[in-house]
Amino acid sequence: MDLFEYQGKQYFARFGIPVSPGGVADTVDEAVAQADRLGFPVVVKAQVQVGGRGKAGGIKLAQSADEVRTHASNILGMDIRGHTVHRVWIERASDIAREFYASFTLDRGARKHLGMVSARGGVDIEQVAAEEPQAIARLHIDPVDGLDEAGARRLVEQAGLDEAARAGATDILLKLYRCFVEGDADLVEINPLILTPDGRVHALDAKVSLDNNAEFRHPEWAEYKATEELDEREQLARSKGLQYIGLSGSVGIIANGAGLAMSTLDVVNQVGGSPANFLDIGGGADAEVMANALEVINTDHNVRSILINIFGGITRGEEVANGIVQALGRVQITSPIVVRIDGTNAEQGRAILAEHASEQLLSQPTMLDAARKAVELAKAAGVEARA
Ligand code: GDP
Ligand code: MN
């Protein structure tokens with residue numbers, strides 16, 4: 001779960017990371033009231049979960065209540081790269097001498113935490129990584145050992161931060177690492193981390209992505225859940241209790257079990273297709289669950305074909321097949337469906353599907369055949385849709 005900047009800064013503050021005083025507002029009047037409370041000048045910042053807000057006009061300096069009024073009314077409701085601004089964060093403006101970058105994330109390949117620091121902050125870090133990779137100091141951290149002061153100081157020195165910023169940045173890195181580990185985040189990023197002309201170091205931006213698996217440890221995350229902005233498909237899926245992740249391809253996928261769902265994505269990619277989603281319907285595959293899953297996939301306008309991949313264990317093949325047939329009676333599906341059933345009572349399941357076979361409902365014996373067919377149909381429909 002990604003946090004908005006203002007939530008990220010509140011999260012940082014809990015771990016003692018210095019941030020500017022500020023307040024959130026979802027109306028122009030509230031924005032002005034927050035600014036009056038804080039004292040001028042202030043910065044009016046669009047709260048959307050996408051970077052580059054500054055360039056898009058979503059971050060403005062204001063010297064007076066009138067200026068706050070103007071900027072807040074322009075920014076609220078603004079569209080920033082597909083995200084509508086519902087809230088602004090008003091914070092006391094900072095004077096900036098230098099802008100740096102700092103982050104901790106997981107390096108799954110290395111099975112370690114990865115700390116990154118750069119003296120080139122305030123710009124897109126991907127761009128720095130591409131143009132000038134040596135400008136980013138990196139440190140792999142064994143999660144068992146954690147980060148000590150010597151490690152944090154080494155990162156700061158390797159990155160070549162100004163002498164005046166080193167002690168402050170080292171201290172912030174140690175706190176940021178605690179925030180990452182104890183705060184159960186997958187990513188914590190400060191860009192820019194600033195040095196002020198009077199020698200203080202603090203976080204001017206905050207990006208925090210929380211690990212949903214740790215939710216049970218954090219009752220306080222409920223307030224983040226309440227403001228979470230999911231896409232339409234993900235909202236519907238969540239309301240139906242399905243494990244769903246939206247992707248951008250054209251083959252809708254339904255599978256039972258997370259492992260099988262992942263393998264299905266791989267096989268679709270392998271045969272030249274692109275998955276529209278990850279959807280694990282879990283153990284049960286009755287008509288109710290199947291209808292819900294199809295309904296969610298149906299709301300995705302990119303979908304051109306649907307691949308249902310079921311391996312029967314406790315779930316029996318004929319139950320799955322009946323579930324699919326009944327679900328089709330309940331939900332009006334636009335795309336063709338390719339089904340692969342294997343495992344317990346697969347034969348009976350396939351026989352039921354054969355009885356109901358049509359251009360809309362096809363059955364294939366193996367996962368590879370089913371994926372090939374679904375991708376072929378998606379491509380054919382894609383061409384038709386464009387023609
Ligand atoms: P992003 O563009 O979405 O990453 O938003 P940021 O919060 O990182 O802000 C972008 C840029 O706006 C920063 O790199 C700063 O240059 C500038 N900025 C943000 N807050 C302040 C502030 O308090 N004072 C000044 N002078 N500039 C700021
Ligand atoms: Mn930023």
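The values are calculated or read from the model by the stated rules, or taken from the named source; none is laboratory data. Bear in mind the structure is a predicted one, so any value in this text is a computation, not a measurement. Cβ atoms come from the backbone with ideal geometry, glycine included; neighbour counts cover every protein chain shown. Ligands, DNA and RNA are stripped out before the accessible areas are found, and what is left, the full protein with its side chains, is counted by its heavy atoms. Shrake-Rupley method; radii C 1.70, N 1.55, O 1.52, S 1.80 Å.
Computed log10 I(q)/I(0) for the range 232-386 at 0.21 Å⁻¹: -1.43, from the Debye equation with unit scatterers placed on every C-alpha and solvent omitted.
Surface composition of the chain: carbon plus sulfur atoms contribute 49% of the solvent-accessible area (1.4 Å probe, protein chains only, all chains present). A helix-only calculation puts the chain at -12000 deg cm²/dmol for mean residue ellipticity at 222 nm, using -39500 (n - 2.57) for each DSSP H run of at least four residues, averaged over all residues.
Using every pair of distinct Cα positions in the range 98-222, the Kirkwood expression returns a hydrodynamic radius of 14.7 angstrom.
Counting only heavy atoms of the protein chains and using a 1.4 Å probe, Leu61 has close to 100 Å² of accessible surface. With a cut-off of 15 Å on the backbone N, the residues of the range 265-300 near the modelled label site 7 Å out from His356 along Cα-Cβ are 285-295.
Taking all protein chains as shown and a probe of 1.4 angstrom, Tyr244 keeps an accessible surface of around 20 Å².
Here the mean projected area of the convex hull built on the C-alpha positions of the chain is 22.3 nm². Extending 7 Å from the Cα toward the beta-carbon at both Thr227 and Glu163 defines two label points whose distance is 4.1 nm.
For the range 21-92, treating each Cα as an identical point scatterer without solvent, what Debye log10 I(q)/I(0) comes out at q = 0.14, 0.19, 0.20 1/Å? With no solvent term, the Cα-only Debye profile gives -0.33, -0.61, -0.67. In summary, the lysines within cross-link reach of Lys55, defined as a Cα separation below 16 angstrom excluding same-chain residues under 8 places away, comprise Lys45. Accessible area per residue for the chain is 46 Å², calculated with a 1.4 Å probe on protein heavy atoms, without ligands, DNA or RNA. If R0 is 45 Å, the Cβ-Cβ spacing of Asp36 and Lys112 corresponds to a FRET efficiency of close to 0.45.
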